[in-house]
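The values are calculated or read from the model by the stated rules, or taken from the named source; none is laboratory data. Since we're looking at a predicted model, the values are computed, not measured. No Cβ is skipped: glycine too gets one built from the backbone with ideal geometry, and neighbour counts run over all protein chains shown. For the accessible areas, the whole protein counts, side chains as well, though only heavy atoms, and no ligand, DNA or RNA atoms are used. Shrake-Rupley method; radii C 1.70, N 1.55, O 1.52, S 1.80 Å.
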Amino acid sequence: MTPGNTQPINMNPVEWKKVQIAGGFWKHKSDINRFITLPAIYQQLKDSGRIESLNLTWRPGLPHKPHPYWDSDIAKWIEAASYSVGMFPDADLRDKIEDLIDKYEKIQHPDGYLNTYFLAVEPANRWTNVYVMHELYCAGHLLEAAIAHYQATGKERFLGIVRRYIDHIDAKFGKGKGKIPGYPGHPELELALVRLYRLTGEPKYLDLASFFVNQRGTQPYFFEQEALQRGEDPEQSPYKEILNKNYLPAGPYALFQAHLPVREQKSAEGHVVRAMYLYSAMADLAKEIPDASLQAACEELWQDVTERKMYITGGVGSLEISERFTFPYDLPNETAYNETCASIGLVFWAHRMLHVTGNRKYGDILEQTLYNGVLSGVSLSGDLFFYCNHLAVEWQVYYNRILRNPRMWPERKPWFDVSCCPPNLARLFASLGQYCYSYDSEGNVYVHLYIESTAEVPLPLGTVFLRQETAYPWNGNIRFTFSLQGPFQFGFLLRLPEWCPGYSIELNGSPLAAELQDSGYLKIQRVWNPGDILSLQLEMPIQLMESHPYVRMNARAKAIKRGPLVYCLEEEDMGSHLETILLDPEEVYTASFEPETLNGIVVIQGKAWKKDTSDWEGVLYRSRPATLIPVLLKAIPYFCWGNRSRGNMTVWIASK
Ligand code: FUB
Ligand code: ZN
């Protein structure tokens with residue numbers, strides 16, 4: 001082991017194919033994803049010309065000019081659809097995937113190159129602007145799709161096609177003579193390369209991922225060198241607006257996390273999806289190499305994001321302009337950008353950090369983000385999507401055209417001009433099984449997410465077949481049944497969420513003690529018998545949350561949380577003037593299941609107060625406080641807001 005290297009923990013996720021979402025909350029969501037979301041996105045790929053673009057028939061003057069990111073949308077759909085056919089054979093879906101692969105196979109250049117936009121629109125300009133043209137980003141998504149397809153079907157054709165492209169990229173990029181010493185303008189390929197390394201065991205893919213990550217932010221800045229190569233003065237570059245060279249306080253290229261070498265980046269800066277994908281790749285490399293300095297960099301960035309720059313929903317990236325981070329505690333609610341892909345990226349990063357460190361805090365954020373900032377991205381119907389996930393909505397802001405970017409519109413839409421989020425949701429939900437469980441070589445099984453499922457966990461001494469039953473997140477009762485060949489000794493570790501104030505465990509109906517590890521997991525080490533039933537009860541009280549006092553937007557406000565779910569008020573339940581409602585911290589709020597509301601949800605109710613406005617006629621300011629009148633408060637989970645009539649919404653509620 002070289003200096004600076006660390007002994008990694010050897011925890012690995014149970015792969016998606018070995019985990020079946022078997023019922024409950026997520027089975028319903030997974031079915032919607034499979035039966036509604038996947039076909040809806042395919043239709044949009046078709047209608048928008050994306051699928052046709054793969055025939056390379058576009059000519060100037062024709063509609064549907066291919067766009068530099070289109071490959072990524074198609075690839076994310078192939079990835080999602082592959083997970084789906086891998087679990088549930090479906091001839092129609094399989095044929096659609098194979099048709100897209102046929103198209104890619106036909107257009108691949110003899111040298112392996114495979115980017116639809118450049119093949120169709122700018123064949124002479126390949127690799128001349130990796131800063132903004134997304135070639136390497138699209139390659140990353142194609143690679144993730146090809147790996148998923150191979151894992152799902154065992155067929156090597158698509159993986160072979162994309163590997164040729166990756167080998168072409170490997171020959172082009174790097175430190176050697178005649179190679180391009182650059183790295184992706186939009187990270188993504190890096191983490192896909194680590195996936196390919198894990199699949200094939202070929203060190204060159206890990207080396208290329210390392211090269212891209214380590215080269216980032218070094219001087220001279222590659223993006224300037226590349227501009228010079230194009231014969232441009234970087235100062236006069238037509239991309240200067242995008243470069244934002246001098247506009248971010250963190251310095252040139254901070255927008256693309258290329259202002260400093262990655263280990264010197266102490267705070268999260270710039271475009272958030274790029275940041276999340278880069279940090280995910282850094283965590284992957286920290287684990288695989290292993291590399292203690294990269295791990296330390298990730299931990300420092302994690303702290304900056306989750307302790308200073310993240311919404312309570314797991315939304316990240318508060319600013320619409322450049323889709324970026326701003327400064328600590330700057331978390332406006334109405335104008336929150338919170339791209340769905342950014343929260344998805346946070347889930348990716350959290351999952352990787354969990355496997356680098358074994359610490360539950362990463363599982364906690366993964367869960368918080370999944371149930372709130374990610375899940376709000378799709379309608380209950382499965383065919384409408386949010387690009388941005390605000391934490392408060394006042395419709396007058398939109399009627400008065402104050403926020404005009406169509407992505408900020410607070411009603412879910414079937415598609416966007418840049419439609420990265422819908423297929424990203426589809427691939428995350430279709431592969432959700434891989435986030436639930438892990439195992440290690442010492443014979444431990446870890447449960448990260450409480451999701452009704454069955455799993456095959458490959459321990460060194462044999463396979464553990466596990467069934468998890470639960471109505472989570474509606475309550476904290478979880479039951480595990482073990483199907484084993486015979487008595488089997490292993491450690492069973494359960495994430496004890498930070499929000500949970502108390503728990504109890506029973507084995508076959510009798511109380512059982514578990515050991516709380518420093519990592520935040522409850523460990524039960526014993527010889528397990530076939531048919532053993534372990535019950536876990538997590539207390540799930542209603543919690544009134546406060547923000548750090550520096551979050552100026554939330555002064556004197558609280559948010560309602562129960563278990564992993566953040567709640568909100570909607571106009572439909574509470575009237576349009578949500579700013580007049582005050583929570584009562586003395587009140588004991590209650591949670592109850594309403595099967596008829598929003599497909600069946602737990603609502604939170606209790607006494608609150610409302611400012612009486614009847615004596616404010618003709619008055620804008622006065623010294624006498626408003627009279628408070630009691631009202632019944634009804635809050636719904638944030639993820640399902642915006643699924644009824646158009647109306648205002650707020651997560652943060654004033655408090656008495
Ligand atoms: O640039 C590709 C994708 O489009 C990004 O990940 C999103 O933030 C959107 O800008
Ligand atoms: Zn997106």
Original post:
Which Cα, out of His67, Phe158, Ala124, lies furthest along the positive dipole direction of the chain (beta carbon charges, K/R +1, D/E -1)?
Top reply: Ala124
Subject >> Positive-end residue, the range 352-507 charge dipole about Cα centroid, Cβ charges, pick of Tyr472, Leu428, Leu496 >> reply: Leu428
Original post:
Nearest-5 percent of antiparallel DSSP beta bridges in the chain?
Top reply: 90
Subject >> Compactness of the range 166-289 - radius of gyration and Dmax, Cα, Å >> reply: 14.6, 44
**OP:** Using a 1.4 angstrom probe on heavy atoms only, work out the carbon and sulfur share of the accessible area of the range 408-472 in %.
**Re:** 53
Subject >> Pairs of alpha carbons in the range 31-215 whose separation is greater than 26 Å (percent) >> reply: 29
**OP:** Could you pull out every whole DSSP H run in the chain that spans at least 15 Å of Cα extent along its own axis and averages -1.0 or higher on the Kyte-Doolittle scale?
**Re:** 70-87, 91-107, 135-153, 157-172, 189-200, 203-215, 272-288, 292-308, 340-357
Original post:
So, by mean Cβ neighbours within 10 angstrom, what's the order for 29-41, 52-64, 391-403, 133-145 with the highest one leading?
Top reply: 133-145, 29-41, 391-403, 52-64
Original post:
Based on the Kirkwood radius over alpha-carbon pairs, what is the Stokes-Einstein translational diffusion coefficient of the range 358-476 at 20 °C with 1.002 mPa s viscosity, in µm²/s?
Top reply: 126
Subject >> Computed FRET value (nearest 0.05) for Glu105 with Phe465, which takes r as the C-beta separation and R₀ as 45 Å >> reply: 0.70
Original post:
So what is the relative contact order for the range 437-538, in percent, with contacts set as C-alpha pairs under 8 Å and at least six apart?
Top reply: 27
Subject >> Cα principal axis extents for the chain, largest first, Å >> reply: 74, 73, 53
**OP:** Using a 1.4 angstrom probe, figure out how much accessible area the chain has per residue, in square angstrom, rounded to the nearest whole.
**Re:** 38
**OP:** Provide the convex hull volume over Cα atoms per residue for the range 499-656, in Å³.
**Re:** 173
**OP:** Take the Cα atoms of the range 437-538, find their three principal axes, and give me the spread along each one in whole Å, biggest first.
**Re:** 35, 26, 23
Original post:
Relative contact order for the chain: what is it in percent, counting Cα pairs under 8 Å that are at least 6 residues apart?
Top reply: 13
Subject >> Distant alpha-carbon pairs in the range 108-214 (separation over 23 angstrom), percent >> reply: 21
**OP:** Put one equal scatterer on each alpha carbon of the range 243-364, apply the Debye formula with no solvent term, and list log10 I(q)/I(0) at q = 0.11, 0.20 1/Å to two decimals.
**Re:** -0.33, -1.09
Subject >> Relative packing of 373-386, 569-582, which averages over residues the other C-beta atoms within 10 Å, highest first >> reply: 373-386, 569-582
Subject >> Candidate aspartates and glutamates for bridging to Lys175, where Cα separation is under 12 Å - those fewer than 8 sequence places away on the same chain excluded >> reply: Asp207
**OP:** Report the accessible area of Asp167, computed with a 1.4 Å probe over the heavy atoms of all protein chains in place, in Å² rounded to the nearest 10.
**Re:** 50
Subject >> Residues of type aspartates and glutamates that Lys558 reaches as a straight line, Cα spacing below 14 Å, ignoring anything fewer than 8 places off in the same chain >> reply: Glu546, Glu579, Asp584, Glu586, Glu587
**OP:** Just reorder Trp70, Trp302 by solvent-accessible area, largest first, 1.4 Å probe, all chains present.
**Re:** Trp70, Trp302
